[in-house]
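K.L.:
Sending over a structure as structure tokens; questions will come in a sec.
A short reminder: the numbers here are calculations on the coordinates, not readings from a lab. All of these numbers come straight from a predicted model, not from anything done at the bench. Don't worry about glycine lacking a Cβ; one is built from the backbone with ideal geometry, like all the others, and counts go over all protein chains shown.
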Amino acid sequence: MARRSVWKGPFIDGYIFKKVEKAKASGKNQMIQIWSRRSTIIPDFVGLTFGVYNGKKFIPVLVSEEMVGHKFGEFAPTRNFPGHGSNRKDDEKK
């Protein structure tokens, strides 16, 4: 995994800051819809709920202390693993 230079700081799309400031000013804990899965979670986002787009729908992500430093995309999977093939007849026999 390629790392970003420390001197550059974490990458966050600019529009997210505007939406966070607006949400904090309103005082309501509404879901903030974002499309930027590549943005890094920073301490200012702790306690807010973000709707991270996974290509089909918005996945609600409540940001906690442990998520700081990670990317939003890590918490909204884009693929649904249905499991390895199962045979219903075998399941009914057990």
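K.L.:
Can you work out the Karplus-derived ³J(HN,Hα) for every residue in the range 13-25? Use 6.51 cos²θ - 1.76 cosθ + 1.60 with θ = phi - 60°, whole Hz, and x for glycine or proline.
P.N.:
5, x, 5, 5, 4, 4, 5, 5, 4, 5, 5, 5, 5
K.L.:
Still on this structure, I have one more. Please give me the summed charge of the neighbours of ASP44: other residues whose Cβ is under 10 Å from its Cβ, Lys and Arg +1, Asp and Glu -1.
P.N.:
Working: positive: LYS24; negative: GLU21.
Result for the local shell: 0.
K.L.:
Add +1 for every Lys or Arg and -1 for every Asp or Glu among the other residues with Cβ under 13 Å from the Cβ of ILE12, and state the total.
P.N.:
Computed value for this residue: +4.
K.L.:
Relative contact order (percent) for the chain, with alpha-carbon contacts under 8 angstrom and 6 or more residues of separation?
P.N.:
With pairs under 8 Å counted, the relative contact order is 22 percent.
K.L.:
Grab the DSSP H runs of the chain that are 4 residues or longer, score each as -39,500 (n - 2.57), total them, divide by all residues and round the 222 nm result to the nearest 500 deg cm²/dmol. Mind dumping the intermediate values first?
P.N.:
Details: 2 runs with 19 residues, N = 94.
One gets -6000 deg cm²/dmol as the mean residue ellipticity at 222 nm.
K.L.:
Could you give the length gained by full extension between LYS19 and TRP35, i.e. 0.36 nm per residue of separation minus their alpha carbon distance, to one decimal place?
P.N.:
4.5 nm
K.L.:
At 37 °C and 0.692 mPa s, grab the translational diffusion coefficient of the range 12-78 from Stokes-Einstein with a Kirkwood Rh over Cα pairs, rounded to a whole number in µm² per second.
P.N.:
Stokes-Einstein gives a translational diffusion coefficient of 279 µm²/s.
K.L.:
Please sort by residue number the chymotrypsin sites (Phe, Trp or Tyr not before Pro) in the range 1-30 whose DSSP state is loop and whose Cβ has at most 11 other Cβ atoms within 10 Å.
P.N.:
Qualifying residues, ordered by number: PHE11.
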